[in-house]
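J.: The structure under discussion is supplied below as structure tokens; questions concerning it will follow.
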Amino acid sequence: MEKLPSSPDPAMRDIDRLADLFPMAVTEVTDPAGNLTRAIDFDLLRRRLGGHVVEGAPERYQLDWPGKGRARRAAREPASGSLRPRRAESSRFDATRNLFIEGDNLDVLKLLQESFLGRIKIIYIDPPYNTGNDFLYDDDFSQTRAGYLAGSGQVGAGGVPLVANPESGGRFHSDWLSMMYPRLALARNLLTDDGVIFISIDDHEIDNLRKICAEIFGEQNFVAQIVWQKVYAPKNTARWFSEDHDYIVVFARNRDRWQPLPLARTERMEARYRNPDNDPRGPWKPENMSARNRYDAGVYPITTPSGRLIEGPPRGSYWRISRQRFDELDADGRIWWGSGGDNAPAVKRFLSEVAAGRTPQTLWFYGEVGHTQDAKKTLLRYVPFEHTVNVLNSVKPVELLQRILQLAGRPGDGDIVLDFFGGSATTAHAVLAQNLADGGNRRFISVQIPEPLPVAEAGLESIFEIGLTRVRNVAAEISAADPSLDVGFRVLRLDSANLADVRVAPGDLDQASLIGHADRVRPGRTAEDLLFQVLLDSGLDPGTPILREHVDGHEVFVTGELVACLAETVSPAVVRAIAARRPPRAVLRDSAFAADADRINADQVFAELSPATDLRVL
């Protein structure tokens, strides 16, 4: 029976990838604790790659800024906290697959790496635009986050690590880039091979965003830079120009594997198709038969049904089709000569033969996807604000996010949609609304830092709670329309690790400390807290449905791949009951065994009843 491994070091995953490509460069070194660990011998790797290694400081094309090295390291730092469930604040906790997470998104993204590696189909984020008034996440990994914030006086209400980034600051762009880089690097790991990320941004950082995304996702995976018309009227108070648009930058994990789905045709588009000649094939529209592109077989005379001779295509153009193809279409009734039979020929394009959708464009007008005033009205409909100053200025319309969902994945594929700058939960709202619209089974993961409101509000302490209130009210409305949809959500909160760090130097180890480390679980942590730690550390989905059973007076958790009893004590009856289920994985609490003999007996029970089960202790 082995210990359940703690959250893995992201750097070790990179070493594993290099080991697959260059096994000769793998070696072993001693870590600071005196343990042997795998490492990469860069001297060997350099020799293997020959002259294709850039060393020193030669001129090269790249985006650089003060703090980039630290930002890269931040993405490789292992996760250190835990996600603790908040059942009372959740809705349909045991059955729902949606996750509503409160906490710094950098830490949360690290904790989600194993469970959602390569599983997220769609990511949408609306990060701070860096206008000088935004609040940014301030990351420092040379010391603990709490120590850094306390020492620098940057602790906000409730201890939230937020700092302003005024444009007058010398590190205005650098701080923003350092904040974004590790989060995007971690996000890329989560995308499926045919996944895609959409990022809202304005003119302040569009160039820098494009550059860091090209570095992280690969320039070859750039898809589009969409222009969204965000306002319906010009701002007459603008000093230079009224800024009427924002951008949405789109990068694919692998552009060869992803392409947008066609959009539904509009009523205006369908109205162009008519049937003046009562063709049994249905409505059609005429298409010009001439084109400017040179086509040597497209020069020939045509005689209309009325007898008029057309000597050839219009000057400077060519018929699109050959004479043979023209005669075939005319014989099939696919050439329109006008009601009098005397017009220049046009090819009939039948509605029934046209693709079911339309190609998406990079210019999105508010008439189709909404504007900022629509977004605020929607937010006010679901969140009862006392103070209008708390209504977010940067909130996006639900229709905009629904357009992204329509383009990015099919309704019934069970796509996971992640937004790690969750804000007022527009993305979560859009997922529920789009599932109602097309019968989809998408699920959402929304992450938001507990940023305090500008003005104290009764019943709402933070932006996270705005989103929570909104989704709860949206869910009630959608559930009334279709009770079969999953409109629940599990609330998880980022907290310190559930298990205390018991690593000590060999010289400091004594009998008293061994006794004190018998149970590593921090005081106040529940069995359900430990369950979610087990799910994340095991790479299992924290959104998996959970069954709670009681065996011999002990609570047992049952999921699709795991059965766990994390009570402070465990009886032989519980061990036998779990083994009888023959689960792929089973986890027990190490300190729950009264003696070593009980642990040995548990191993023997599983060897007898369920030898294939991976039995671990926490």
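The values are calculated or read from the model by the stated rules, or taken from the named source; none is laboratory data. Because the structure is predicted, anything quoted here is derived from the model rather than measured. Positions of Cβ are backbone-derived with ideal geometry, glycine not excepted, and every protein chain shown enters the neighbour counts.
J.: Taking only the range 406-426 into account, find how many residues are aliphatic (A, V, I, L, M) and more than 14 Å from PRO262 (Cβ to Cβ).
T.: 4
J.: Only residues that are within 22 Å of GLY118 (Cβ to Cβ), surrounded by 22 or more Cβ atoms within 10 Å (Cβ to Cβ) and of a type in the set (A, V, I, L, M): list them for the range 402-425, please.
T.: Result: ILE404, LEU405, ALA408, ILE416, VAL417, LEU418.
J.: For the range 289-313, which residues satisfy the criterion of being loosely packed, with under 13 Cβ neighbours inside 10 Å and not aliphatic (A, V, I, L, M)?
T.: Within the range 289-313, ARG292, ASN293, ARG294, ASP296, PRO301, THR303, SER306, GLY307, GLU311 qualify.
J.: Looking for something within 30 Å of the chain's Cα centre (by Cα) and either touching a residue at least 40 places away in the same chain (Cβ under 8 Å) or crowded, with 21+ Cβ neighbours inside 10 Å (or both) - is there at least one such residue anywhere in the range 563-574?
T.: The answer is yes, given that some residue of the range 563-574 is within 30 Å of the chain's Cα centre (by Cα) and either touching a residue at least 40 places away in the same chain (Cβ under 8 Å) or crowded, with 21+ Cβ neighbours inside 10 Å (or both).
J.: Hey, another quick one. Residue by residue through the range 354-389, note down the ones that are among the small types (Gly, Ala, Ser) and either at pLDDT 95 or above or closer than 19 Å to ALA425 by Cα (or both).
T.: GLY370, ALA375
J.: Only one of these conditions is not met by TYR247: (1) in a loop (DSSP other than H, G, I, E, B); (2) under 35 Å from the mean Cα position of the chain (by Cα). Which number is it?
T.: All conditions pass for TYR247, except number (1).
J.: Looking only at residues in the range 478-500 that are within 20 Å of GLU528 (Cα to Cα) and among the charged types (D, E, K, R), which one is farthest from the chain's Cα centre (by Cα)?
T.: Restricting to residues being within 20 Å of GLU528 (Cα to Cα) and among the charged types (D, E, K, R), the top hit is ASP495.
J.: Looking only at the range 547-572, count how many residues are in a loop (DSSP other than H, G, I, E, B) and over 14 Å from ALA586 (Cα atoms).
T.: 5
J.: Let me ask something else. Which count do you get for residues in the range 575-605 that are under 39 Å from the mean Cα position of the chain (by Cα), buried (at least 17 other Cβ atoms within 10 Å of the Cβ) and assigned to a helix (DSSP H, G or I)?
T.: Within the range 575-605, residues that are under 39 Å from the mean Cα position of the chain (by Cα), buried (at least 17 other Cβ atoms within 10 Å of the Cβ) and assigned to a helix (DSSP H, G or I) number 6.
J.: Moving on. With respect to the numbered conditions (1) more than 22 Å from LYS376 (Cβ to Cβ); (2) modelled with pLDDT of 85 or more; (3) surrounded by 12 or more Cβ atoms within 10 Å (Cβ to Cβ), which one is the sole condition not fulfilled by ALA481?
T.: Failed condition: (3).
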